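Quick notes on the structure that follows.
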Amino acid sequence: MRRAALLLLAMPPALWACKCEMTFSACAEAAQSEVVIIGTVESIEPAFLDRWNAAQRSSLAALSEETARLRADRSPAGVAKLRDTYLKTFPDLPADYRQHLTSAKTTDELVAAFYWIIGHGKRARVKARTVYRAEGDDEEYFTIWTPFGDCGFDFQKGETYLIYADQDEETQIIETGSCTRTRRLSDAGDDLAYLYFVENDDEHSARIEGLITTNLRYQAEHDREHYSGTIQSPAAGAVVELRFADWKRYTESSAGGRFVFDGLAAGTYQITIYAAGYPDTVKILAGPRPVRANPEDCTIQMFVAQ
């Protein structure tokens, strides 16, 4: 197992290290993604790169041991044996990937081919359940690529996901990763609420969401282009009133200080933040503030509770 760890540690850090530059809201992710679907994963290839594959560790151990043993063996027989080990580890490689291994002439070329395969990630065959957006919106199956390492998404065979992805114009490859809002369908309630209205009621597809903090400096410091859905010093349990014409709607801020209103028509609304206990006790923490909502769009507001 120590050798297995050494083989992974020998990989360039860029293959597994990942830093997400920003996180988008459900509305922004849906607007920017070229493919948005709900689908069930039927297979993952190469199986060796499937994080949930129990045989991955033993296969990696075998590769590491064979590589370490044959590193100094530059003979054709040694190269052939190492190639066979790699091919047995990757029985489900696409033809072009397999070509990288079979065309390698030296041990170093074989190891380089191994890293090339890992660097190109894995693909999931996904059976579509709902297609919100895709070039072929009548397709039943999609092939979704994702990188190996931290930037990749750990799909599981048999699990159903809400997938946000982009499609390369030249290769037509559809790719997602851990920095998108792709997630298990069971964990996608916030996104599904927004997508429901976008898909079924365009006239009421606007969303207003907000974050409430007790940090008086927060609004001046916050960069809305790097929205994360989290906030410092959140104000939990505040009562949020949304008023439009002659009607009102209420919700309470979450433990993270967040609130959401979905299913809104286009228009200008008024938001007022009250302390917990409203309407029995009335204490305004922020607002009232006019907020404009537009179809298929999120309006994000920051409030400082005082």
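The values are calculated or read from the model by the stated rules, or taken from the named source; none is laboratory data. Not measured: the values here are computed from a predicted model. A quick note on method: Cβ atoms are made from the backbone with ideal geometry, for glycine too, and the neighbour counts reach across all protein chains shown. The area values use the complete protein model at the heavy-atom level, side chains included, leaving out ligands, DNA and RNA. Shrake-Rupley method; radii C 1.70, N 1.55, O 1.52, S 1.80 Å.
Beta carbons within 10 angstrom, averaged per residue: use that to sort the peptides 299-306, 138-145, highest first. If you can, show how the numbers build up before the last one.
Values: 299-306: 17.9, 138-145: 14.5.
Highest to lowest by the protection proxy: 299-306, 138-145.
Give me the one-decimal nm value for the distance between modelled label points at TYR115 and ALA255, 7 Å along each residue's Cα-to-Cβ direction.
The answer from the label model is 4.3 nm.
Going down the list LYS248/LYS283; LYS19/LYS122; LYS88/LYS157; LYS81/LYS122; LYS19/LYS88, which pairs span over 27 Å between their C-alpha atoms?
Violating the 27 Å Cα-Cα cut-off are LYS19/LYS88.
Return an integer: the convex hull volume of the alpha-carbon atoms of the stretch 93-150, in Å³ per residue.
98 Å³
Would you mind putting 193-203, 275-285, 112-122 in packing order, based on average other-beta-carbon counts within 10 Å, highest first?
Those peptides, ordered most packed to least, come out 112-122, 193-203, 275-285.
Report the full-extension gain for the segment ILE173 to ASP84: residue separation times 0.36 nm, less the Cα-Cα distance, to one decimal in nm.
Contour length minus the Cα-Cα distance gives 29.1 nm.
Share of the stretch 103-199's accessible area from carbon and sulfur, percent, 1.4 Å?
Carbon and sulfur together cover 43 percent of it.
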